[in-house]
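The values are calculated or read from the model by the stated rules, or taken from the named source; none is laboratory data. Note that this is a predicted model, so its numbers are computed, not measured. Methodologically, a virtual Cβ is constructed for each residue, glycine included, from the backbone with ideal geometry; neighbour enumeration extends over all protein chains shown.
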Amino acid sequence: MGTSDVYRAMGTAMTRWEALGRKLAQAMGIGSDRDRRSRRIVLVIECILNQNARDNGAATFPVLNWEVLRLCDAYEVGVVQMPCPEIAFLGFARSRPRGTSIRAALDTEEGRACCRRISVTIVDRIQEYVRQGYQVLAILGGNPDSPGCAVHIGPQGLLPKSGVLMRELQDELRQRNLDVPFRGIRDDDPDMMAEDIKWLEDVFSKRAAVRTTPSPTAQYRQA
């Protein structure tokens, strides 16, 4: 048995003990009234929650994609925001040589290395959530032409035309035997976005019961 197999076995054993501890705590009534977390999360690219992070001319909404947030709120799914790879590598202004596209600048050895570092940090977080018994429901990318975050699915996973960060994320997840579905939220086309929102709701509804009463955040918005 190699070192990686030993660590994997240790992680599995720890997860089982943690799950047993949670069951015992619930049976004893410890923490049951105080901690109401859903233990379900979704990862989203930065601009889903902050359209200000997009390149000039690319923002679809003034602030954020409320349709995604509405579903997360209704199905009690927590949101983990991933950093924008374009800003991380090129800066907010996407500085690059004249005549060079953002995709061409990002899909270089240095750009991929930047996205790989981001991916390691993200997958570290995913792995820890899984070890603690959370459900990681999906990774939500962006529009079909996004240099870093486009999601194009083929029979074996993401296609080469997918964004640089998405491809690096897939590689890192596979190295750790983690399986999380990818989906692009194509908000630059109303029909495509409707398909993506329907897909997301299907994923959420299979893993969580929809709330029938207003959430605290919904009540706050209505106030």
**Complete:** In the stretch 69-87, residues that are buried (at least 18 other Cβ atoms within 10 Å of the Cβ) and under 15 Å from Ala53 (Cβ atoms) total 4
**Message:** Can you list residue pairs whose Cβ atoms sit under 6 Å apart, with the first residue in the stretch 136-149 being assigned by TED's automatic domain parsing to the domain that holds Val68 and farther than 14 Å from Leu169 by Cβ and the second being among the hydrophobic types (A, V, I, L, M, F, W, C) and not in a loop (DSSP other than H, G, I, E, B)? Count only pairs 6 or more apart in sequence or on different chains.
**Reply:** Leu137/Val42; Leu137/Val203; Pro144/Ala150; Pro147/Ile102; Pro147/Leu106
**Item:** Failed criterion for Arg40 (all others in (1) among the basic types (Lys, Arg); (2) modelled with pLDDT under 95; (3) closer than 23 Å to Ile122 by Cα hold)
**Value:** (2)
**Message:** Quick check on my filter: what residues within the stretch 172-186 are surrounded by 15 or more Cβ atoms within 10 Å (Cβ to Cβ), part of a helix (DSSP H, G or I) and of a type in the set (D, E, K, R)?
**Reply:** Glu172
**Message:** If I ask for residues that are free of Cβ contacts under 8 Å to residues at least 24 places away in the same chain and not in a helix (DSSP H, G or I), which ones from the stretch 68-91 would you list?
**Reply:** Gly91
**Request:** Return yes or no: is Arg94 part of a loop (DSSP other than H, G, I, E, B) and either surrounded by fewer than 17 Cβ atoms within 10 Å (Cβ to Cβ) or in the same structural domain as Gly163 (by TED's automatic domain parsing) (or both)?
**Result:** yes
**Message:** Condition first: of a type in the set (D, E, K, R), within 18 Å of Glu86 (Cα to Cα) and either modelled with pLDDT under 95 or part of a helix (DSSP H, G or I) (or both). Can you find one or more residues in the stretch 145-166 that meet it?
**Reply:** no
**Asked** Any idea which of Asp124, Asp196 is loosely packed, with under 13 Cβ neighbours inside 10 Å, in a helix (DSSP H, G or I) and either at pLDDT 95 or above or under 16 Å from the mean Cα position of the chain (by Cα) (or both)?
**Response** Asp124
**Asked** Would you say Ala105 is more than 17 Å from the chain's Cα centre (by Cα), surrounded by 16 or more Cβ atoms within 10 Å (Cβ to Cβ) and part of a helix (DSSP H, G or I)?
**Response** yes
